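Take a look at the structure below.
The values are calculated or read from the model by the stated rules, or taken from the named source; none is laboratory data. The model shown is predicted, which means the values in this text are computed figures rather than measured ones. Glycine gets a Cβ as well: all are built from the backbone with ideal geometry, and neighbour counts include every protein chain shown.
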């Protein structure tokens, strides 16, 4: 039966390969004018992309994100949910398995993707893309590492798959917002990781399409993960999407078929999630540039690196607060703080009452009032500010009673190109100090240098592994495009 759903050399076509141009998800009427499904378009794009298509800037940026993601992962390696995920995954071994980052243990690739993904994401320190739907696209790298190692992929193949995953996730985020409808952004990650995994497995267009279909049918993640008092799951939700994407590709490689058309179907993605992806298929053309002048699959160049370990919409508030802190000197002289922000920031990190009395790390690093206040009080924002003894300090909660967040229409109109915050501090002597930041350090329009990036990496890794071993990891990452395999890089990351 399965063979009926495949495209063979003899010309038999899958029923999904041709969809009606006037396709209706409600009545499935057929028309003789035919076009490809989005899943098929994505599969063709993935299969056609080559390392040689990528610009030097894109290749360099992928290597920067590998360094950044490994730094985030090793920095968070001992955090509670990361330990939990690693414990579960380490109970199982696999032939042709994948290394769980920080260990020598090889688990099934999908489990390894989950365990590594938890570490990359947990500190909320990895990169960001802001559009109709926000995302943290370096989350995809856990799947890329896991599958790349399991199939013996070269460094160039790893880089190509990473650029592909960034391209897919960012383009989907450009097409439609899903968070307002109650769905979480990792929902798009199931597609991007499935395509990256299929690329590394060298699946053909038909098998890749089925990987997309399988990934899509169970991909919807609830936005409840990011509202109210936040749990461990906030930091591991995309790791689960990566696990699912890898598993979908593994099943497709074995010949399993998935329901189609997964996006346009009568009960498909668009109808069930209540969104329209519009003409997104048009951008997946190997001749089309992700970023002007930078060649195909260059959307990674539009993403931003975090310079502080907190939710991205707070980054400009942190920078503004740290600037003001130099003028204030003594935080005891602060009477009140007022933060003007854009709608996305207020909705996500600046409106719920839990944000003024954070009881978990996940809530603290997603609290605009807490993050801004602690920057003013401590003069720094590091992991120390997200320890329970700090964010649950009664004196901090008392300070937060005098912190307000307001919507600013101008800042909202500038989003998402600018990610602006204005911080006003009123002192006890009546003076008001104000600082506005539109493009925080690390933003795509204000990028960190390679030296600053390595400095961030070292701050996370040197305390655990020492300077020599940290440098060895960075050196291997910079040479990734010349590596025969990714094994040496992963081996260098073992925690001892």
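Looking at the range 151-167 only, could you name the residues that are crowded, with 24+ Cβ neighbours inside 10 Å and more than 15 Å from residue 479 (Cβ to Cβ)?
Residues satisfying the conditions are 153, 160, 161, 162, 163, 164, 165, 166, 167.
Which condition breaks for residue 180 when tested against (1) modelled with pLDDT under 95; (2) in contact with a strand residue (DSSP E or B) (Cβ under 8 Å, 6 or more places away or on another chain)?
It is condition (2) that residue 180 fails.
With 61, 91, 44 as the choices, which residue is more than 21 Å from the chain's Cα centre (by Cα), modelled with pLDDT of 95 or more and closer than 30 Å to residue 302 by Cα?
44
Residues that are outside the structural domain of residue 72 (by TED's automatic domain parsing) and within 25 Å of the chain's Cα centre (by Cα): does the range 422-435 have at least one?
So far as the range 422-435 goes, no, none of its residues is outside the structural domain of residue 72 (by TED's automatic domain parsing) and within 25 Å of the chain's Cα centre (by Cα).
Is it true that some residue in the range 314-325 is over 23 Å from the mean Cα position of the chain (by Cα) and at pLDDT below 95?
Among the residues of the range 314-325, not one is over 23 Å from the mean Cα position of the chain (by Cα) and at pLDDT below 95, which makes the answer no.
Of the residues that sit in the range 312-326 and are touching a helix residue (DSSP H, G or I) at 6+ places or on another chain (Cβ under 7 Å) and surrounded by fewer than 24 Cβ atoms within 10 Å (Cβ to Cβ), which one is nearest to residue 383 (Cα to Cα)?
Checking each candidate, the answer is 322.
Mind telling me which of the residues 398, 417 ends up being surrounded by fewer than 16 Cβ atoms within 10 Å (Cβ to Cβ), more than 30 Å from residue 120 (Cβ to Cβ) and not assigned by TED's automatic domain parsing to the domain that holds residue 176?
Going through 398, 417 in turn, the sole match is 398.
Restricted to the range 441-457, and to residues that are assigned to a helix (DSSP H, G or I) and in contact (Cβ under 8 Å) with a residue 40 or more places away in the chain, which residue is surrounded by the most Cβ atoms within 10 Å (Cβ to Cβ)?
Among those that are assigned to a helix (DSSP H, G or I) and in contact (Cβ under 8 Å) with a residue 40 or more places away in the chain, it is 457.
Based on what the data block shows, is residue 208 touching a residue at least 60 places away in the same chain (Cβ under 8 Å), in the same structural domain as residue 140 (by TED's automatic domain parsing) and under 15 Å from residue 242 (Cβ atoms)?
Considered against the rule, which asks whether it is touching a residue at least 60 places away in the same chain (Cβ under 8 Å), in the same structural domain as residue 140 (by TED's automatic domain parsing) and under 15 Å from residue 242 (Cβ atoms), residue 208 comes out as no.
With the condition being modelled with pLDDT under 95 and touching a helix residue (DSSP H, G or I) at 6+ places or on another chain (Cβ under 8 Å), I'd like the helices (runs of 4 or more DSSP H) fully within the range 355-432 carrying at least 2 qualifying residues.
Ranges flagged: 361-364.
For the range 303-338, give me each residue that is in contact with a strand residue (DSSP E or B) (Cβ under 8 Å, 6 or more places away or on another chain), under 17 Å from residue 125 (Cα atoms) and assigned to a helix (DSSP H, G or I).
Correct list: 312, 313, 314, 315, 316, 317, 319.
Would it be correct to say that residue 265 is at positive phi, part of a loop (DSSP other than H, G, I, E, B) and in the same structural domain as residue 177 (by TED's automatic domain parsing)?
Against the criterion (at positive phi, part of a loop (DSSP other than H, G, I, E, B) and in the same structural domain as residue 177 (by TED's automatic domain parsing)), residue 265 does not qualify.
For residue 320, only one of the following conditions fails: (1) outside the structural domain of residue 361 (by TED's automatic domain parsing); (2) more than 30 Å from residue 262 (Cα to Cα). What is its number?
(1)
Only one of these conditions is not met by residue 181: (1) surrounded by fewer than 23 Cβ atoms within 10 Å (Cβ to Cβ); (2) farther than 21 Å from residue 347 by Cα. Which number is it?
For residue 181, the exception is condition (2).
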